[in-house]
Each structure stands twice: as structure tokens, then as C-alpha cells.
Ligand code: ZN
């Protein structure tokens with residue numbers, strides 16, 4: 001993982017084999033970041049994506065164990081019980097140019113990960129919401 005600081009944000013470059021959430025947690029802890037917004041692109045070799053079924057209050061997971069273009073990642077960093085928590089969604093494609101997308105549970109970089117992290121000045125605490133069964137900002 002490499003970091004390139006700019007005026008108000010940081011470009012985080014991930015290398016082949018690095019896992020997105022692990023790398024982002026390391027980045028947040030080492031930089032003292034508490035809240036941020038994320039965008040990104042690149043290439044992956046493994047992804048586990050989820051769809052949240054609100055009726056059953058559970059995710060359906062699907063694994064993609066093959067090269068994928070990372071078309072777009074968007075996410076945020078919040079605090080859950082005082083600890084950094086990254087929430088990331090993504091759109092991906094394969095050689096058939098069909099898009100697949102979802103809540104990103106795991107993403108292993110295959111080529112590169114080019115991430116843009118913009119720190120926010122306001123903390124974004126997440127707390128458990130009974131209605132959805134999720135930890136929501138609020
Ligand atoms: Zn999500």
C-alpha cells in the first residue's frame with residue numbers, strides 16, 4: 001500500500017494481493033482518520049459481494065473468484081463503538097462486459113486499487129437500527 005497526500009485528501013494505491021478492508025483499516029488506524037468518503041477503481045482477482053434482504057434482515061453473499069474490473073467503488077468510514085468501520089459498495093465487470101455489483105464484503109486486488117479518500121471533519125457514528133437490522137449513520 002502506498003499513500004500520496006494531496007491538499008485535502010489522500011490517494012491510496014493498493015497492490016496485487018492486498019485486501020481492501022484490511023488495507024483501509026490499516027490506513028485509517030495509522031493516519032488517525034475517523035470519518036471519510038471513498039471512491040476508487042482498479043482490478044480485482046476476488047470479490048465477495050452482498051445484497052441485503054430487509055425482510056429477513058440478512059445478506060445474501062456471492063463470491064467471484066476471477067479477474068474483475070473494478071468499475072467503481074464508493075464508501076465511507078465511520079465509527080462503530082469507537083472503532084473505524086468502512087462501508088463500501090462496488091460495481092465490477094468481467095470479460096463479458098456485464099456489470100455485477102453489491103455491498104463489498106471482501107475484495108482482493110488483482111492489478112491495482114486506486115482509491116481516493118477524502119477526510120470529513122464531522123464524526124459519523126453508526127448505531128444499530130432495529131427496523132433494518134443494520135448499523136446506520138445517525
Ligand atoms: Zn452496504
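The values are calculated or read from the model by the stated rules, or taken from the named source; none is laboratory data. It should be emphasised that the depicted structure is a prediction, and the values quoted were computed from it without experimental measurement. Note that each Cβ is placed from the backbone with ideal geometry, even for glycine, and that neighbours are counted across all protein chains shown.
Does any residue of segment 64-74 turn out to be within 13 Å of the ligand (Cβ to nearest atom) and either assigned to a loop (DSSP other than H, G, I, E, B) or farther than 18 Å from residue 132 by Cβ (or both)?
So the first thing to find is which residues in segment 64-74 are within 13 Å of the ligand (Cβ to nearest atom), and the list is 73-74.
If we keep only those that are either assigned to a loop (DSSP other than H, G, I, E, B) or farther than 18 Å from residue 132 by Cβ (or both) too, we end up with 73-74.
The answer is yes; a qualifying residue exists.
For segment 80-90, give me the residue count where each residue is away from the ligand (no atom under 12 Å from the Cβ) and in contact with a strand residue (DSSP E or B) (Cβ under 7 Å, 6 or more places away or on another chain).
Residues of segment 80-90 away from the ligand (no atom under 12 Å from the Cβ): 80-84.
Right, trim to in contact with a strand residue (DSSP E or B) (Cβ under 7 Å, 6 or more places away or on another chain) and you get 80, 84.
Residues meeting the conditions: 2.
Let's see how each residue does on (1) at pLDDT 95 or above; (2) out of contact with any strand residue (DSSP E or B) (no Cβ under 6 Å at 6 or more places or on another chain); (3) assigned to a loop (DSSP other than H, G, I, E, B):
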| site | (1), (2), (3) |
| --- | --- |
| 3 | no, no, no |
| 7 | no, yes, yes |
| 12 | yes, no, no |
| 26 | yes, yes, no |
| 42 | yes, no, no |
| 45 | yes, no, no |
| 48 | yes, no, no |
| 60 | yes, no, no |
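Quick one: which strands (runs of 3 or more DSSP E) sit completely within segment 91-138 and have at least 2 residues that are more than 16 Å from the ligand (Cβ to nearest atom)? Write out each step before concluding.
Working: elements: 99-119, 126-129, 134-137.
Filter on segment 91-138 gives 99-119.
From 41, 49, grab the single residue that is closer than 18 Å to residue 12 by Cα and surrounded by 15 or more Cβ atoms within 10 Å (Cβ to Cβ).
On the way: 49 fails: closer than 18 Å to residue 12 by Cα.
Answer to the check: 41.
Quick check, is residue 61 within 16 Å of the ligand (Cβ to nearest atom) and exposed (fewer than 14 other Cβ atoms within 10 Å of the Cβ)?
Working: within 16 Å of the ligand (Cβ to nearest atom): yes; exposed (fewer than 14 other Cβ atoms within 10 Å of the Cβ): yes.
In short, yes.
Under 10 Å from the mean Cα position of the chain (by Cα) and away from the ligand (no atom under 13 Å from the Cβ): is that true of residue 77 in this structure?
Values: under 10 Å from the mean Cα position of the chain (by Cα): yes; away from the ligand (no atom under 13 Å from the Cβ): yes.
Spelling it out, residue 77 is indeed under 10 Å from the mean Cα position of the chain (by Cα) and away from the ligand (no atom under 13 Å from the Cβ).
Go over the candidates 65, 129, 96 one by one and state the one that is free of Cβ contacts under 8 Å to residues at least 12 places away in the same chain and in contact with a strand residue (DSSP E or B) (Cβ under 7 Å, 6 or more places away or on another chain).
129
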